[in-house]
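Here the structure comes first, spelled out in structure tokens, and everything after it is commentary.
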Amino acid sequence: MNTEPLHILAVKMRMAQLPLEPKDFMVKHDLAKRCVKFADEALLAYKKLGAAREIIKVLQAAFKAAHEKVLAKEEEIDELQLKLDSAEGSERSLRSEVVDLQAKVTAADPEVGLDIANSNDLQSRLDRVLEDNERLALDKTMLEQALERSEAATNHYKAIARSRQHDLDSIREIIGDAHRFPLATHFDSTPAPLRLLDTEPNSRPLPRASIKPIATPLRNTLGPASVDPFETRQGVPRTAPSNTARVRGGIRSPVLSPIRPEGVQLLPHLVTPAPLQLGDTEPMAPTPSRVATVRRGSRPPKGTPRKGEIPADDIEWILHVPNQYGADFVPFTDLPMATEVPLRNLFEQAFQVKPNSKYTDKQARQHSAYVHMVRIASRSEQARGGWCVNEKVFHAGRTQRAPDGHACARCVSAFHPCARVVAHNDCYVLCFFPLPDQQRGREVDWQDMGFWIIQP
Ligand SMILES: [Zn+2]
């Protein structure tokens, strides 16, 4: 088979003008087959060429995109280069600063040493201050303890002062009482001279029973040791008078020593007896206006009245009559008889005011509570407490302060007149309070019973 290239063979055939012979058909057939094969190859190549063109297009697009990226990167590189340049510039300036600072540090070394020394000095000072602080804290604790002790002592002395004030109030009461009932009324109109010496004939002893109500609280107030510096101790007179006297609380106060002339002996009845407390049983005959209560548990001396038979001290009665500005205080006896008598009877019967030997034990206790309440010596305390008679007589131990200006609820509900000890015109009086506003009738005025109690 002829393997010459086809175009050369075709040229040869045209030049030779070969006749058509069987072998020529074979040649032509072969030629045709080769042509078909060539055409197939050419078609395949054409197809490959198309595909290659597509690929080239894609590659060109990719190349273009990559090129754009490269351009962007180049711009970035330019910017970074600029930054790098400026950073290099600042690095150079920083290096020069560091050099400057190193030079300064080298120059400042001596000063730094000085600062360290100062710091050590400050530390030692701080230590000293801390030590001082601890010491001061200790002092503070001790001072606080001392302060507490002082406060306790202050309270103690305040209590003593209150007790003294109370005694003083009692004495004032008694002096007021003595003013109203002068001692002279207890004496004869032409009395014998008072006996100062045992040898005096036709004389009488000092009236101790009459001055006792004044002397006893006075003595208690002044303190036992300061009353009589010549006081006997176990029957033996003291040879030298003391110039100090111990009073309650442990404080010594100077007391003037009276000068006793040589040879003058104190009479036995001038020697002051042991101090008596207010309310103790009095060994002397009691005056009608001042009868001491019997101390619980002790046997009453002969002739001492029972609780229910002790008369109460006289006390003025007044009425609290409200007006538009406050209140008027009207004498109880200004009431019309039709009101005064039943109100007085009601009060006296409700609280066992009058002494009565036929009282039961309970009634006698109630009477005694009333007597104690209006006793001259206890009036200032009662006025400060603000309790009404009903509270003291029926609710001893759980008393409530009565309301201002009107009767208390307990009196109202018990149908009792509400009366309290109050200070009025420098005097303590028994004041009757009206019903609360809303519990009085509209047409009722102070002269009516309905103004003072609810009438059942
Ligand atoms: Zn009352």
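The values are calculated or read from the model by the stated rules, or taken from the named source; none is laboratory data. This is a predicted model, so every value here is computed, not measured. Positions of Cβ are generated from backbone atoms using ideal geometry, with glycine treated the same way; all protein chains shown enter the neighbour counts. Surface areas here come from the heavy atoms of the whole protein model, side chains and all, with no ligands, DNA or RNA. Shrake-Rupley method; radii C 1.70, N 1.55, O 1.52, S 1.80 Å.
Order of 408-415, 52-59 by packing, highest average Cβ count within 10 Å first? Could the numbers behind the result be given before it?
On the way: 408-415: 16.4, 52-59: 10.0.
Highest to lowest by the protection proxy: 408-415, 52-59.
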Taking alpha-carbon centroids only, the range 333-358 lies from the range 82-116 a number of Å equal to 112
Working out 0.36 nm times the residue gap between Lys158 and Asp24, then minus their Cα-Cα distance, what length gain in nm do you get to one decimal? 32.0 nm
Which cross-chain or sequence-distant (5 or more) residues have an amide H under 5 Å from the amide H of His424, H modelled 1.01 Å from N in plane? Val429
Length gained, Asn120-Gln324, 0.36 nm per residue minus C-alpha separation, equals 65.2 nm
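Rounding to the nearest 20 debye, state how big the charge dipole of the range 317-451 is about its Cα centre with +1 on each Lys and Arg Cβ and -1 on each Asp and Glu Cβ. Mind dumping the intermediate values first?
Details: 15 positive and 13 negative charges, 152 e Å.
About 740 debye.
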Quick calc, His395 & Ser357: beta-carbon distance into FRET formula, R0 25 Å, rounding 0.05, result 0.45
Inter-label distance for Glu88 and Asn425, nm, one decimal - labels placed 7 Å from Cα along Cα-to-Cβ: 12.0
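Tell me, in nm to one decimal, what length is gained between Phe63 and Leu138 on full extension, where the rule is 0.36 nm per residue of separation less the Cα-Cα distance?
My answer for the length gained is 17.8 nm.
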Under 5 Å between amide hydrogens, which residues at least 5 positions from Leu319 or on another chain qualify, with H placed 1.01 Å from N in the peptide plane? Val330, Phe332, Phe432
Hey, what's the per residue convex hull volume over the C-alpha atoms of the range 317-451, in cubic angstrom? 117
Rounded to the nearest 10 Å², the 1.4 Å probe accessible area of Glu111 is 130
So if we plug the beta-carbon distance of Glu76 and Gln102 into 1/(1 + (r/R0)^6) with R0 = 41 Å, what FRET efficiency do we get, rounded to 0.05? 0.65
Give a quick list of GluC sites (Glu not before Pro) in the range 351-456 that DSSP marks as loop, anything other than H, G, I, E or B, with at most 14 other Cβ atoms within 10 Å. Glu443
